[in-house]
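The values are calculated or read from the model by the stated rules, or taken from the named source; none is laboratory data. Everything numeric in this text was worked out from a predicted model, so none of it was measured. Here the Cβ is made from the backbone with ideal geometry for all residues, glycine too, and neighbour counts use every protein chain on show.
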Amino acid sequence: MQQFLRKGSLAVVTAGLLCATTLSAVEVDHSHHEPHWGYDGTTGPKDWGKIKPEFERCTHGDRQSPIDIATDTAAKAGVVDGVFVSYTNAPLNIVNNGHTIQVNSDGKSTALLDGKEFTLVQFHFHEGSEHTVDGKRYPMEVHLVHQSEVGELAVIGVFIDIGKPNTFLKKVFDNMPLKEGDRKVSDTITLNAKDLLPTDKGFYHYLGSLTTPPCTQIVEWYVMKEPITISKEQHEQFRKLYQNTYRPTQELGTRKVLHK
């Protein structure tokens with residue numbers, strides 16, 4: 001969760017420079033190549049902007065993510081189309097990148113977001129949801145990261161609550177590499193990311209940034225209203241590897257949050 005222009009008041013990414021910087025931020029394991037950052041202490045979110053000049057947006061950006069979504073002020077979206085996905089079965093490809101567990105796509109799954117086609121690049125998890133709703137933080141959040149042919153980014157965020165066990169996430173959690181930098185790849189285990197999406201496709205939409213350094217302001221966010229669930233045991237299974245891996249919410253400023 002990793003130079004937009006836009007038709008009307010809602011954004012579309014145009015920067016070709018994303019091809020050079022975006023993939024390293026959201027697709028590739030960059031934990032061994034970038035200066036160290038984390039979620040607490042002197043390398044935590046409040047100091048990300050001091051670690052490296054390229055991280056300056058983390059401190060001084062005006063369109064940062066995540067945010068607290070205030071439902072009473074979210075405007076009904078009249079010009080934003082829905083979330084339509086065409087995800088396919090993909091072989092298991094999981095990496096422990098030192099900050100989270102990341103599941104890489106094979107490039108064959110796509111999503112139609114506001115009428116524009118994006119390819120699913122990867123999805124990853126945050127322990128403690130990054131977005132909050134009316135101040136409520138969910139136990140976890142998964143980010144499905146998409147990129148268009150010209151480098152535009154869109155992320156679908158899905159809250160994860162404690163409840164019924166999740167059979168899809170069991171395949172992920174049971175195969176999580178335990179050590180930083182390790183991978184688990186298998187052609188005999190397949191995943192379809194559509195199983196991460198709730199039945200109700202209602203969402204909140206706003207313009208934001210990557211939620212990790214360099215905090216680049218290049219993301220169209222689609223945060224699903226309805227959470228999916230995992231069991232308490234599954235939550236604890238993830239927490240054995242990563243805990244409290246969320247960036248605090250950022251000021252909304254003059255931005256608008258839409259909902260559909």
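What to note about this one:
- Number of the exception - residue 186 against (1) of a type in the set (Gly, Ala, Ser); (2) touching a helix residue (DSSP H, G or I) at 6+ places or on another chain (Cβ under 9 Å); (3) over 18 Å from residue 144 (Cβ atoms): (2)
- Residue within the stretch 222-237 that is at pLDDT 95 or above and closer than 19 Å to residue 45 by Cα present: no
- Being within 16 Å of the chain's Cα centre (by Cα), surrounded by fewer than 16 Cβ atoms within 10 Å (Cβ to Cβ), modelled with pLDDT of 95 or more and not in a strand (DSSP E or B) holds for only one residue in 198, 213, and it is 198.
- The number of residues in the stretch 26-76 being surrounded by fewer than 16 Cβ atoms within 10 Å (Cβ to Cβ), within 29 Å of residue 107 (Cβ to Cβ) and modelled with pLDDT of 95 or more comes to 1.
- Residues in the stretch 85-98 include at least one that is at pLDDT 95 or above, on the phi > 0 side of the Ramachandran plot and either surrounded by fewer than 20 Cβ atoms within 10 Å (Cβ to Cβ) or of a type in the set (D, E, K, R) (or both).
- Residue 114, sole failed condition from (1) of a type in the set (Asp, Glu); (2) within 12 Å of residue 193 (Cβ to Cβ); (3) touching a Leu at 6+ places or on another chain (Cβ under 8 Å): (2)
- For the stretch 224-260, a residue qualifies if it is loosely packed, with under 14 Cβ neighbours inside 10 Å and farther than 23 Å from residue 68 by Cα, and the qualifying residues are 232, 233, 236, 240.
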